[in-house]
Each structure stands twice: as structure tokens, then as C-alpha cells.
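The values are calculated or read from the model by the stated rules, or taken from the named source; none is laboratory data. Note that the structure is a prediction, hence the values are computed from the model and not measured. Cβ sites come from the backbone with ideal geometry, for glycine too, and all protein chains shown count toward neighbours. For the accessible areas, the whole protein counts, side chains as well, though only heavy atoms, and no ligand, DNA or RNA atoms are used. Shrake-Rupley method; radii C 1.70, N 1.55, O 1.52, S 1.80 Å.
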Amino acid sequence: ENPLLDAFFVEKRSEPLKITDLISSFKFRKTTIYNDFYRRVGVSNQLVKPMRVSGELTITCSLNVENRDFTERDKAMLSLITPHFANAIRNSFAYSRLSSALETES
């Protein structure tokens, strides 16, 4: 029910999106996912940016807030920092592979 999932994983959009880029707050608050999850944890708005980590792996960076919506500046800042997050994750995977290889040789 989260409209961001289709935007990222079906439409293959790569820019940061907030829920209100896709549907109104009013319509989102009527969904089951909002009432069963987001409302209960105090989240009224979400901003998400997908990050391609490898050919097969895409993860998302999600920011959540209550009682306000994200700004265009928030979206721009998320665009600037997510490449660094993705690189840190790639480095972590590489370190893990290297550590495993070194342990195997010992």
C-alpha cells in the first residue's frame, strides 16, 4: 500500500520521493498501512531514496517525521548524502569478503 514501493521497484524511479509526491496526506491517512503501522509509530510523512549497492541489490534510505512534510531542501540533502551511504555499504561488503578470504587462508 505504500506508494513509494511501486515508484522505486516497479517504475524504477531513482530520485528521492516523499509520500505526498505521489498521493495526498488525506488519502495516505485512509490506507490500512498508515493506520496499522505508521500512525502507531508516530509517522505521518516519509521521504525515501533508493540506493543501488550492486547489480542485484537496491536498498533504501528512509526518513520519517510526524506533523510536518519534507521540503525540497530535505530531498536535495538526501540526494547528496545517499551516494556516501551506498559506498559505505559497498565497503562493508568488500571488507567482509576480504576478512573471510583471509580467514580461509590461515
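Taking the longest Cα principal axis of the chain as reference, the axis of helix 72-105 is set at about 30 degrees.
Let's test the formula: R0 of 35 Å, r as the Cβ-Cβ distance of Cys61 and Thr104. What FRET efficiency results, to the nearest 0.05? The partial results should precede the final answer.
Numbers: r = 33 Å, r/R0 = 0.94.
That pair, Cys61 with Thr104, gives E of 0.60.
Ordering Leu57, Leu80, Asn67 by Cα displacement along the dipole of the chain toward the positive end leaves Asn67 in first place; charges were set at the Cβ atoms of Lys, Arg (+1) and Asp, Glu (-1).
Ignoring ligands, DNA and RNA, what percent of the accessible area of the chain is carbon or sulfur (1.4 Å)?
Working: 3880 of 7060 Å².
Taking all protein chains in place, the chain shows 55 percent carbon and sulfur surface.
Glu66 sits among other residues whose Cβ lies under 15 Å from its own Cβ, and their net charge, with Lys and Arg +1 and Asp and Glu -1, is +3.
For Lys12 and Asn91 in one chain, what is 0.36 nm times their gap in residues minus the Cα-Cα distance, to one decimal in nm? Don't skip to the end; give the middle numbers.
On the way: separation 79, 0.36 × 79 = 28.44 nm, distance 2.44 nm.
Full-extension gain reported as 26.0 nm.
Please work out the average accessible area per residue across the range 29-70, using the 1.4 Å probe convention, and give it in Å². Please report the intermediate quantities before stating the final value.
Details: 2510 Å² over 42 residues.
Each residue of the range 29-70 exposes 60 Å² on average to a 1.4 Å probe.
Asp36 sits with roughly 90 Å² accessible to a 1.4 Å probe, with DNA, RNA and ligands left out of the calculation. Keeping to pairs on different chains or 8 or more places apart, tell me how many lysine pairs in the chain have Cα atoms under 17 Å apart. Lysine pairs satisfying the spacing and distance rule in the chain number 6. When all protein chains stay in place and ligands, DNA and RNA are ignored, the 1.4 Å accessible-area order of Ile19, Ile81, largest first, is Ile81, Ile19.
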